[in-house]
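Contents: one structure, followed by commentary.
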Amino acid sequence: MDKYSKKYMEEHCIDVFFKCGKFPIHVLTAGSLLPDALNDIVRNRTLQQITEAFSSNGPGAPTISVNKQYVQLLLGKWDSYIEYGNQKNHPGHSDFLQRPDEEKITSRFRFYAGQGFYSYDCSEVYTDGTAEYRLMAWPDTLSSKTTLDLPEFSPAGFGAANPPDRFVM
């Protein structure tokens, strides 16, 4: 099994897929370190390719929900960053940076939620390489459509009854 190096994990966003109980999970790592049980380059890339190749956003695709509060938090952080940059004597700093919108921020997560995954964004990476993940988008009903052979994994704070709105991994 080929594993991502620590340096690669710290420098790249990696799409990772697993199942916790009956829930198919997608996370976008954003520079966090993967636990050994999920650190498999071939498996992660294969699951991503299969999911993207068999996308079904047409009739029969699950309806999805988006965590609008989290999106607003991200937009607020973006606004603060731009304001801070302009205060630090970077004239025109925000002129070339277009403010993202909800559509742009959530598109990748909505795609995976449309495939039946509970899709999480890395919201914070801690100094030890672990990260907090926040639920970004999810199918409104649990779909039997996701028949991929996903590895079983249970992150800390993940309940069996419902996927949490955040967890640490």
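Here are a few things to note about the model shown:
- Selection of the stretch 127-169 for residues being part of a strand (DSSP E or B) and modelled with pLDDT under 85 yields only ALA156.
- Residue within the stretch 94-109 that is among the hydrophobic types (A, V, I, L, M, F, W, C), out of contact with any strand residue (DSSP E or B) (no Cβ under 6 Å at 6 or more places or on another chain), surrounded by fewer than 21 Cβ atoms within 10 Å (Cβ to Cβ) and at pLDDT 85 or above present: no
- Single residue of the stretch 16-52 satisfying the filter (among the charged types (D, E, K, R) and either surrounded by 14 or more Cβ atoms within 10 Å (Cβ to Cβ) or in contact with a Ser or Thr (Cβ under 7 Å, 6 or more places away or on another chain) (or both)) that is farthest from LEU148 (Cα to Cα): ASP40
- Condition check for ASN86 on (1) modelled with pLDDT under 80; (2) more than 28 Å from ASP40 (Cα to Cα); (3) part of a loop (DSSP other than H, G, I, E, B): one failure, at (3).
The values are calculated or read from the model by the stated rules, or taken from the named source; none is laboratory data. Nothing here was measured: the structure is a model prediction, and the numbers come from that model. Here Cβ is always computed from backbone atoms with ideal geometry, including for glycine, and neighbour counts include all displayed protein chains.
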